[in-house]
Each structure stands twice: as structure tokens, then as C-alpha cells.
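Participant: The structure under discussion is supplied below as C-alpha cells; questions concerning it will follow.
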Amino acid sequence: MFDDGTPIYRQIADQIKAEIMNGSLEPGGKVMSTNQYAAFYQINPATAQKAFRELVDEGVLYKQRGVGMFVADDARERLAADFRERFFERVLAPLVVEARQAGISLGDIIDYLEARHGDARGAVKSEEKGARQ
């Protein structure tokens, strides 16, 4: 289940985030306890606790004392915004730098995307329109 390249607590947090994004965990839904995670994955409860603490700090989960951990109502939106920001930083920022160095204009990039992936501008406008409704 876990790979050696990433800390286990991070992998647990990422798995919970993925479950929220794919709808397996819904806003307001209860999440397994840290002890349940520890038993299920056969890990130290402190490792599971660290993952949960990180998710609470990010506003993805919230704790109800004596009841358990729950998915925040706006968790999916928070995660989508975080993904978008990381995508721009990790993918698009280096692309723009490299394109400038190669003398490729923004128009050339858009033309390329439209030629290979349909009307990129129309897709973006449709998504923005849908997000505002």
C-alpha cells in the first residue's frame, strides 16, 4: 500500500484527499478514527494522527470532540483550489519560462492546444461559466 519515497502520514493525507475529491468521502461525512486507520493499515497511531492533524490544519477535516473527525463542508473546493494553484506553479510556470526562452508566444501555445485538444478557449469559458452558476 505505502511506497518508500513519501512519508506514510503524507500518503494517508493524500489518500483521504483523493477520497474527498472522488466523492467516496462526502462533506460532513465521518472519517475513520486515527486508531481505526492505524489498525487497518498496521501503522503507529501517531503516524495516522499526524496525517489527520495536517488535514485539520488545512481545513479539510474538522474535529468534534468526543464524536470524531469529519470532512469539512468546503473541503472539495479547498482541495480543488490547492490543486489548481500547485498545477500553475508546478506545470504552467516552468512551461511559460521555457516557452519564452524558446521564443514561443502565448498565442502559439493556445493554437497548439486548440489544434490538438479542441477549442481550449471555449472549454475554459464554459468551465468558468459553469463555475459561476
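A short reminder: the numbers here are calculations on the coordinates, not readings from a lab. Worth saying up front: this structure is predicted, and the values here are computed from it rather than measured. All Cβ positions, glycine included, derive from the backbone under ideal geometry; neighbour counts span all protein chains shown.
Participant: Scan (1) touching a helix residue (DSSP H, G or I) at 6+ places or on another chain (Cβ under 8 Å); (2) among the hydrophobic types (A, V, I, L, M, F, W, C); (3) closer than 22 Å to Arg76 by Cα for the single condition Ala38 breaks and write down its number.
Facilitator: Just one mismatch for Ala38, condition (3).
Participant: Follow-up. For the stretch 31-39, does any single residue satisfy the condition of being out of contact with any Pro (no Cβ under 7 Å at 6 or more places or on another chain) and assigned to a loop (DSSP other than H, G, I, E, B)?
Facilitator: There is at least one residue in the stretch 31-39 that is out of contact with any Pro (no Cβ under 7 Å at 6 or more places or on another chain) and assigned to a loop (DSSP other than H, G, I, E, B).
Participant: Go through (1) surrounded by 12 or more Cβ atoms within 10 Å (Cβ to Cβ); (2) free of Cβ contacts under 8 Å to residues at least 12 places away in the same chain; (3) not hydroxyl-bearing (Ser, Thr, Tyr) and name the single condition Gln64 misses.
Facilitator: Exception for Gln64: condition (1).
Participant: Could I ask something else about it? Counting only residues that are over 16 Å from Phe40 (Cα atoms) and outside any loop (DSSP other than H, G, I, E, B), how many does the stretch 1-18 have?
Facilitator: Qualifying residue count, the stretch 1-18: 4.
Participant: Out of Leu79, Leu25, I need the residue that is touching a helix residue (DSSP H, G or I) at 6+ places or on another chain (Cβ under 6 Å) and outside any helix (DSSP H, G or I). Which one?
Facilitator: Criteria check complete, one pass: Leu25.
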